[in-house]
Structure formats: C-alpha cells, structure tokens
Amino acid sequence: MSTYLIGDVQGCWLSLQALLNHINYDSSKDQLGFVGDLLNRGNDSLATLRFIHQLKDPLVVLGNHDIYSLILFHEHMSRDAYKHTLDELFQADDADTLMAWLSQQAIMITLPEHNAVMVHAGIAPQWSLEEAQTITDEFTAVMRSADSHTFLNVCEGNEPASWSNNLTDHDRTRYIVNAFTRMRFCDANGSLDLKTHIATHQSPDIMKPWFDYRHNDKLDIMFGHWASLNKPRPREHCYALDSGCAWGHTLTALRLEDRNIFSVPSAEK
Ligand SMILES: [Mn+2]
C-alpha cells in the first residue's frame, strides 16, 4: 500500500487519469491525497470531483479555488462576476451532494505516521505546526455550523492582512482562510501580501516566501498553490507539489512512504 499526495489538479481530469496510470494506482491498496485546488480552470471539474468524492478515505485539504467554487455555487457572488469553468459541475444532478462534501473538508491535515502535514498555500510564521492545526480546526467548525453561509458571504477579501489573537468572528476566519489557502509572501509576524504571485518579492527585506520563516518544524510541509515558484524543494522540509498542470506544465504526485516524486505532462488541450 502506498499513499500519494497529488498537486493542484484544477479540474484537469485527463491529466489526473494519466498520473494515476503512471503510478500504477490500485484503488484496492493505495490511498490518494490532494493538496487543494481540486477544481476550476481545467476541462472537467465535475468528473474530477466525482472521482475524489467516491474514493475511500481520501486526504483532502481545500484550496482557494475550492472555496471560491463554494462561494459561486451558493451564489454569495454572481457566477458571472468571475471567469471559471464550473458551470457543468454547478448544473449536475449530484452537485448538491458533491459541494456539500467539499465544504466539509479541512484546510490542514497532520499525518504523524508520515512525518508530514498537508496544506494548500502554506503555514504562517506565527504558528507552530501544532498551533496551526488547532487554528485551522476553527475554520472546519465554522464550515460545519449553521454560520457557514454567513461566512462564505463575507469570505472574500484581503483584510485583515495581519494576525492577532484578538481577532474574532468572520475577520478571524477570513485571515485563517487567506493564510492557509492563498498566502505566498508574508512578513515575520504573518502579515500577508496576497497580491504578489511571482517567485520573488520586490521588498525582500520585509516580505519573504512563508517557508523561509520555517526553521524548526519536525514534520515536512506538503503544499500546492505556487506553480510559478518552480522549485519542488524550496526548503529542506517543504515540498511544493503544484507543478502547473492547469497552465500546461505537469501534474505531480509525491509518495509519502519514500518521498519519491512522479509527474506526467499536462493532458489538457
Ligand atoms: Mn491555489
């Protein structure tokens, strides 16, 4: 039995099938995990989500595109306000079931048996891995409560950009979501720059990639989200699994048992 963590699929269903063939995936023995951004941009988010939904015990953390998909599906924002490839999913007979399942997924999973954690974007510097898991459980609790739609309605936005233990309610949850699903650059206190997407920052004395602050982690951090980083091992304990499938590059899986990496070229047209 092997456990594979797969980078940002983004609805690239043909590429996901090609990757599973490449690793000789056996559904009776192997476990699959996904570091978020399962949906959007690719050709078939519906088939992708149906496949992941029917897996036995998949490891799934949500990415920003997944949360955006929930916002659009429930029309907390006009579906026309944002370019997406989600109409077929939203109109499917089983869309309610699939999206309800998606909304219950975590934004961080700790896998002590594999000496690893998985998140979509990263882990901000103010939190230990243990604190980060506790903080993200606050998000999961909101999404599993009657308050979930109130939060999704106000989820979008870049503020508050800085963390304080005194943050409350939706401001607190929004910072948590932004840090774990959208962050690339931040300062040493966890103030986020959510606008810079390239691999280097114009203010490198202040804003660094989040992983440059992580020196003492005992577990490896498996993450996606940052295809333009183009560095599969940006630090010793960090594995960047988004290899840009939705941009025509490759789709990547990491086997947790031996940290071997497998990639296939994007099969999207
Ligand atoms: Mn992302």
Pull out all pairs, ordered by first then second residue, where Cβ-Cβ is under 8 Å, the residues are six or more apart or on different chains, the first lies in region 171-193 and is away from the ligand (no atom under 16 Å from the Cβ), and the second is of a type in the set (S, T, Y) and in a helix (DSSP H, G or I). A188/Y213
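One line per residue, one yes/no per condition, for (1) of a type in the set (D, E); (2) modelled with pLDDT of 95 or more:
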| site | (1), (2) |
| --- | --- |
| S78 | no, no |
| D94 | yes, yes |
| P112 | no, yes |
| V117 | no, yes |
| P125 | no, yes |
| S128 | no, yes |
| E138 | yes, yes |
Looking at (1) assigned to a helix (DSSP H, G or I); (2) under 18 Å from A92 (Cβ atoms); (3) touching a residue at least 40 places away in the same chain (Cβ under 8 Å), which one does L14 not meet, given that it meets all the others? (2)
Which numbered condition trips up N230, out of (1) touching a strand residue (DSSP E or B) at 6+ places or on another chain (Cβ under 8 Å); (2) under 26 Å from L59 (Cα atoms); (3) not β-branched (V, I, T)? (1)
Residues of region 217-265 being of a type in the set (G, A, S), at negative phi and away from the ligand (no atom under 15 Å from the Cβ), in sequence order, are A253, S263
Those residues of region 78-120 that are closer than 19 Å to T173 by Cβ and over 21 Å from the mean Cα position of the chain (by Cα) come to a total of 0
Within region 53-74, restricting attention to residues that are surrounded by 24 or more Cβ atoms within 10 Å (Cβ to Cβ) and in a loop (DSSP other than H, G, I, E, B), which residue is nearest to the ligand (Cβ to nearest atom)? G63
Filter result for L20 (in contact (Cβ under 8 Å) with a residue 40 or more places away in the chain and more than 16 Å from the ligand (Cβ to nearest atom)): no
Tally the residues that are part of a loop (DSSP other than H, G, I, E, B) and surrounded by 14 or more Cβ atoms within 10 Å (Cβ to Cβ), restricting the search to region 137-156. 3
Just one listed residue, out of G42, G63, G36, is closer than 20 Å to W247 by Cα and touching a strand residue (DSSP E or B) at 6+ places or on another chain (Cβ under 7 Å), and it is G36
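Inside region 1-11, can you point out the residues that are within 16 Å of the ligand (Cβ to nearest atom) and not in a loop (DSSP other than H, G, I, E, B)? Spell out the reasoning first.
The first filter runs over region 1-11 and keeps only residues within 16 Å of the ligand (Cβ to nearest atom), leaving 5-11.
Hits for region 1-11 are L5, I6.
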Looking only at residues that are touching a helix residue (DSSP H, G or I) at 6+ places or on another chain (Cβ under 6 Å) and not in a helix (DSSP H, G or I) in region 94-116, which one is surrounded by the most Cβ atoms within 10 Å (Cβ to Cβ)? I107
Any idea which of (1) crowded, with 24+ Cβ neighbours inside 10 Å; (2) on the phi > 0 side of the Ramachandran plot is the one V9 doesn't satisfy? (2)
Counting just the residues of region 34-52 that are within 16 Å of the ligand (Cβ to nearest atom) and small (G, A, S), which one comes out farthest from F262 (Cα to Cα)? S45
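The values are calculated or read from the model by the stated rules, or taken from the named source; none is laboratory data. Given the structure is predicted, the values throughout are model-derived calculations rather than measurements. Glycine gets a Cβ as well: all are built from the backbone with ideal geometry, and neighbour counts include every protein chain shown.
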